Every structure is written in C-alpha cells, then in structure tokens.
Amino acid sequence: MPELLPDATAMRSVGLDVGNLDLQTAFYRDVLLLDVLAENGPVVALGRGAQTLVTLRHRPDLPKGERRSAGLFHTAILHPDVASLAATLASIAARTPQLYTGAADHLVSKAFYLDDPEGNGIELYWDRPRSEWTWHDGRVTMDVRHLDPNEFIAAHLTDAARNHLATEPDRRGALAGLDGTVGHVHLKVGDADLAKRFYVDQLGFELTAQWRGAVFVAAGGYHHHMAMNTWGSAGVGLRAPALGLGRVDITLPTDADVAEAAARLRASGNQVRDTGALVELDDPWGNLVRLLPGA
C-alpha cells in the first residue's frame, strides 16, 4: 500500500510569470473580483479574505510560452456557493466576454472556463455536496455535460450582486466577505502514465479518475486536487523558460507531513530543495511544485 498525503492536504495558490503586470493585475482584480492582498515591486498577490489564490510575478524578459509545451492548463478557483459563482461569471460577461471559452456540468461540480489576457487557463467552479458524488471502486464519476452560462446567471445572480456589478467603484462588493480557494490545478504534461507515477506513486496523491489521456488525483476523498492531461501536449519534454506557470503550492497540515513527503520523494530519486520554510521540486516536465505546512 503506497504512502498517501494526509486527508487535509489542499491546494494553496498558483504563481504566474506575466509579461504585463498592470494588465494582468487589473484582470484578476476587476474581472475575477479578487482583492489585491500584497504588492512588492514586481510581485502582486491576489485572493479572497486572507488567502492568496494567484501571485503574479513581472517577467518581461521571458518569451511567450508555446501552446503545446508542458505547463498550466488551468487554475481552478472554487466558489463557496452558486451565487458567488454567478456574480463572477456575470462580471466576465460584462467586461471580457471574448476570454470566455466554455462550460460543463461535471456531475461533481459546475464549471466555467476562460483564459486570462496572457492565455493562462482559468476554471471557475462550484462543488455539489459530496453526498451527491458517485464512486465506483475508488474512482469518482465525472462527465462533461451541457451547462448554459446565461441560464446559470439568470437563476443564481442576486439583485445585490447585480447592483454592485453595475457600479464601477463597487464591483468587488459583489463578493464582499466571501472566501475562495484554489480547488484544483490542472497541468499540461507529456505522458499521463509518467504523471501518475510522479504524483501518485511518489508524491502520494490517490488516483481518483483516469480517462481520455488524463489522470485526476486527490487527497482525502476529494474529486481531484490536481489533474494532468496530454490532450495537446503528448510527448513533450521539459518546459523551456517562458511566461505562464511559475509554481504550484500545495499545503500539508504539519511540518512533519512536509518532511515525510520530501523523504518519500527523495527516496524515489527526485531532487528536493529545502528552503527551511518549505520544500520544492520540479515534476518530470519542469513544473515547479512547492509543499508548505499549515494554512
């Protein structure tokens, strides 16, 4: 039986290397309705409540990433309820409808997709209660079913949120007082089986689904904390330095949990770097993964 990450493992945040810091900051703040939590020279942290969800690092020296290369497929921001998801979706419809790319009912969740102005994928979603998820032999049942964004907004956007969104200085009031989290992170990789060996056999996630050139992994019975697909990247190797994904942060409950995971990864031949506050390593495609203790 492989050693597993603790049930309380969760995604922390995603770091992006961006070419236009002002444009990207304005998008995550004014369209996705995140708050600017910290600004430190070329780095801007945005999130909800006290939780950073996305960190933007200004790297104008880097070239634009190749669409087929390994890297970020999307950052998935989990909303606490359908009303907050409808408010964010309505904000996108009003400000950047050209960036919207689609929607799906996944049975475990309802999800809407878009790109940021530099092409980084984003999923905005709400989870159905866990009691409504279906499992068979340790695998969760997910699907891709039709979901109409206009019907969703009409059914769930509150009058209060609509009024906030109509007033330019008060737009982010549509989500005032609500927390958000990075529910999962989806990566582009070159080989789904190799991704499974790294993220399941070595890091310690459980495999929750595997289909159509992708693997889905999680801790604690979640549908997935991470996914890796080869849909447009089969066979690719190490990423070249480029704009896009900078890092993926994963939170484990304690320092001891981080140390255990680091030891397991080292025993599998991975080069793990310990900074004192966290440990980090590159996955087989050069995607930087950091393990941090606590929330």
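The values are calculated or read from the model by the stated rules, or taken from the named source; none is laboratory data. Since this is a predicted model, take the numbers as computed values, not measurements. When we count neighbours, we look across all protein chains shown, and the Cβ atoms used for this are built from the backbone with ideal geometry, even at glycine. Each accessible area value is taken on the protein alone, full model and side chains, heavy atoms only, with ligands, DNA and RNA left out. Shrake-Rupley method; radii C 1.70, N 1.55, O 1.52, S 1.80 Å.
The single residue among Asp191, Asp179 that is of a type outside the set (A, V, I, L, M) and touching a Lys or Arg at 6+ places or on another chain (Cβ under 8 Å) turns out to be Asp179.
The listed residues are Arg171, Arg197, and the only one of them that is among the charged types (D, E, K, R), open to solvent by less than 20 Å² (accessible area, probe 1.4 Å) and either in a helix (DSSP H, G or I) or touching a Phe, Trp or Tyr at 6+ places or on another chain (Cβ under 9 Å) (or both) turns out to be Arg171. Any residue at all in the range 23-33 that is among the aliphatic types (A, V, I, L, M), under 20 Å from Leu99 (Cβ atoms) and open to solvent by 70 Å² or more (accessible area, probe 1.4 Å)? Yes, the conditions are met somewhere in the range 23-33.
Looking only at residues that are assigned to a loop (DSSP other than H, G, I, E, B) and under 15 Å from the mean Cα position of the chain (by Cα) in the range 220-254, which one is surrounded by the most Cβ atoms within 10 Å (Cβ to Cβ)? Among those that are assigned to a loop (DSSP other than H, G, I, E, B) and under 15 Å from the mean Cα position of the chain (by Cα), it is His224. There is no residue in the range 265-287 that is open to solvent by 20 Å² or more (accessible area, probe 1.4 Å), in contact (Cβ under 8 Å) with a residue 12 or more places away in the chain and among the basic types (Lys, Arg). Applying the set (1) surrounded by fewer than 16 Cβ atoms within 10 Å (Cβ to Cβ); (2) over 21 Å from Arg171 (Cα atoms); (3) in contact (Cβ under 8 Å) with a residue 60 or more places away in the chain; (4) not hydrophobic (A, V, I, L, M, F, W, C) to His74 leaves exactly one unmet item: (1).
Output yes when any residue across the range 82-96 is open to solvent by 40 Å² or more (accessible area, probe 1.4 Å) and touching a strand residue (DSSP E or B) at 6+ places or on another chain (Cβ under 7 Å), and no when none is. Looking through the range 82-96, none of the residues is open to solvent by 40 Å² or more (accessible area, probe 1.4 Å) and touching a strand residue (DSSP E or B) at 6+ places or on another chain (Cβ under 7 Å). Tyr28 fulfils the conditions (1) within 17 Å of the chain's Cα centre (by Cα); (2) over 21 Å from Leu85 (Cβ atoms); (3) not aliphatic (A, V, I, L, M) except for a single criterion, (2). Kindly indicate the residue of the range 174-194 that is assigned to a strand (DSSP E or B) and among the aliphatic types (A, V, I, L, M) and also surrounded by the most Cβ atoms within 10 Å (Cβ to Cβ) among those meeting that condition. Checked the range 174-194; the qualifying residue surrounded by the most Cβ atoms within 10 Å (Cβ to Cβ) is Val185. The number of residues in the range 139-152 being open to solvent by 40 Å² or more (accessible area, probe 1.4 Å), under 20 Å from Ala214 (Cα atoms) and part of a loop (DSSP other than H, G, I, E, B) comes to 3. Looking at the range 17-95, the strands (runs of 3 or more DSSP E) lying wholly inside it that each contain 3 or more residues that are polar (S, T, N, Q) sit at 51-58.
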